[in-house]
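Remarks on the structure that follows.
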Amino acid sequence: MLYWLCMPRTRANDGHPRAGQEEFRRLPSVDELLHQPEVSVLIERDGHSAVADAARSALDALRRQIAAGELDGRAVELALAGLAEAVGRQLRAATSYSLQPVINATGVVLHTNLGRAPLAQAALDHICETAGGYSNLEFDIASGERGRRDVHADRLFTRLLGREVPGEIATIVVNNNAAAVLLALNALGEGGEVIVSRGELVEIGGSFRIPDVMAKSGAALREVGTTNRTRLADYERALSERTRLLLRVHRSNFQIVGFTEQPALEELVALGREHGIPVMEDLGSGAFFDLRTAGIEGEPDVGHSLRAGVDVVTYSGDKLLGGPQAGMLSGQKELIGRIRQNPLFRALRVDKLTYAALEATLLAYWRKDYAAIPALRFLCLSQAEILVRAQAVLAQLQDVPAMTIELADGQSVVGGGSAPGATLPTKLIAIGCPGVDASELAARLRRQEPSVVARVEQSRVLLDLRTVLPEQDRLLAQALRRVAAG
């Protein structure tokens, strides 16, 4: 924001803002501004076009201030003296990245608004080494012929899933789980009916609803049961010659508790086998790791669904898998082959960056190096480990009298539409500044570089180090010092 926005507003005797024509005449033209020595330096560095745009923006902002009667002669004089600096600020804002790193101090591990799962270092390295030049994305080095990009991930999915699941398993990758659901329903259910429980017609992020995705697939939705209770007999009564698929949607972003009923996955599979109808499960989160080791119950993994006999499972890459944004379809090789032949697959397929990140993430699973995957590492952090780090941050702030800081018990959450009922015990850093309310304090933290995103509860700003990278602890302490200095 231009600094003269804070200057006092000048009003005429009748109390209304006035615009002085004399102040307008004092403004330089864009060309005159560009010839000022300080601005000429910017042109040498960033080019004439970018600096000219910044100069126009700075002058336009100043004209709006004058027209609104917010600047008198003295204020305009000060603004003109700082005009070159204002051009520099406009230029920095225009040429800086909009997408930038932030410190996630919310304690939400898979924070959708903050990019969900951070990538493993091996994934970042593999992206750089394969994307910085050419790669064998669709090239078979052994034969010298054209290859298929699927192989880079499918071979690892087959290793991870095939050792536990009977039959031949295959996996294809599209750009997110909603795309995976759309593709599978279109390939297997178009022109027919897909039976699903009313209690599973969920809404996912961004107001996208499963019924809407199904409608776009060309398959007709056949709802059975009620919101809280659906029996196997409900599915059986709904079967007809138009039935193409039985669909189970895992309620990964909410819970129904109390008077509830739902057939076991194995029962639904048996019904499908009896009538020759495939069973598909939209698993959503897509864990490849036993989450019970992190104290999280009730979140099934992909292997469990396939062992139960589900024919096609769809799930996300950037949730509990801890990889890049992607949507996977794993299941019986013949059905996955049919889905792959669908023209939508090419429209929804992923690029070399996703395959590189996914390959590195899956290799960490194959080696059982779960600590290399940040999301899993965060989930497994103990309260005692977080306490040690929180105390170290506080030790860096002992000489900051303008801020109240204390430790408190709290809970972290998984987030990202995963394990909705699970909480993880943590230690929180609760901060406050005299005369500054919690919302304003949180806003000041967001304005730091890097931006610090915290949570506000009960009029307190809370920082949870579970989701802060250890190397960011020092940056967090520095941001708190700057905020306290005000």
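Taken together, the values in this text are just the output of simple stated rules run on the coordinates, not laboratory data. Just so you know, these numbers come straight off a predicted model, no measurement behind them. As a convention, Cβ positions derive from the backbone with ideal geometry for all residues, glycine included, and neighbour counts pool all protein chains shown.
Results, tabulated for the structure shown:
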{"item": "Positive-end residue of 404, 106, 302, charge dipole of the chain with Cβ unit charges", "result": "404"}
{"item": "Counting DSSP beta bridges with both ends in the chain, the antiparallel % (nearest 5)", "result": "60"}
{"item": "Farthest toward positive dipole pole in the chain [+1 Lys/Arg, -1 Asp/Glu at C-beta], among 485, 130, 287", "result": "485"}
{"item": "Helical mean residue ellipticity (222 nm; -39500 (n - 2.57) per DSSP H run of 4+; nearest 500) of the chain", "result": "-12000 deg cm²/dmol"}
{"item": "Long-range HN-HN contacts of residue 248 with modeled amide H, under 5 Å", "result": "280, 281, 282"}
{"item": "Contour excess over end-to-end distance, with Cα ends at residue 26 and residue 226 and 0.36 nm allotted per residue", "result": "64.8 nm"}
{"item": "Cut-off 13 Å, label 7 Å out along Cα→Cβ of residue 242, residues of segment 152-190 by amide N", "result": "190"}
{"item": "Where labels lie 7 Å past Cα in the beta-carbon direction, separation of residue 447 and residue 41 in nm", "result": "2.6"}
{"item": "Relative contact order of the chain, defined on C-alpha pairs under 8 angstrom at six or more residues apart (%)", "result": "18"}
{"item": "Dipole magnitude (debye, nearest 20) for segment 119-370, charges at Cβ of Lys, Arg, Asp, Glu", "result": "260"}
{"item": "Structure-derived P(r) over Cα pairs in 20 Å bins from 0, in percent: which label, when the choices are [x] 20, 40, 30, 10, 0; [y] 16, 23, 22, 18, 11, 7, 2, 0; [z] 22, 57, 17, 2, 1, 0", "result": "[x]"}
{"item": "Unit charges on C-beta of K, R, D, E only; dipole of the chain, Debye", "result": "180"}
{"item": "Footprinting exposure proxy for 304, 126, 48 (fewest neighbouring C-beta atoms within 10 Å first)", "result": "48, 304, 126"}
{"item": "Environment charge of residue 61, counting only residues whose C-beta is closer than 12 Å and scoring Lys/Arg +1, Asp/Glu -1", "result": "+2"}
{"item": "Dipole of the chain [Lys/Arg +1, Asp/Glu -1 at C-beta], most positive-end residue of 345, 372, 67", "result": "67"}
{"item": "Positive minus negative residues near residue 385 (Lys, Arg vs Asp, Glu; Cβ under 10 Å)", "result": "+3"}
{"item": "Protection proxy ranking of 340-353, 170-183 - average other beta-carbon atoms within 10 Å, highest first", "result": "170-183, 340-353"}
{"item": "Cross-link reach list, lysines versus residue 352, counting only Cα pairs under 26 Å and skipping chain neighbours closer than eight places", "result": "319, 333, 368"}
{"item": "11 Å beta-carbon shell around residue 412, net charge (K/R +1, D/E -1)", "result": "+2"}
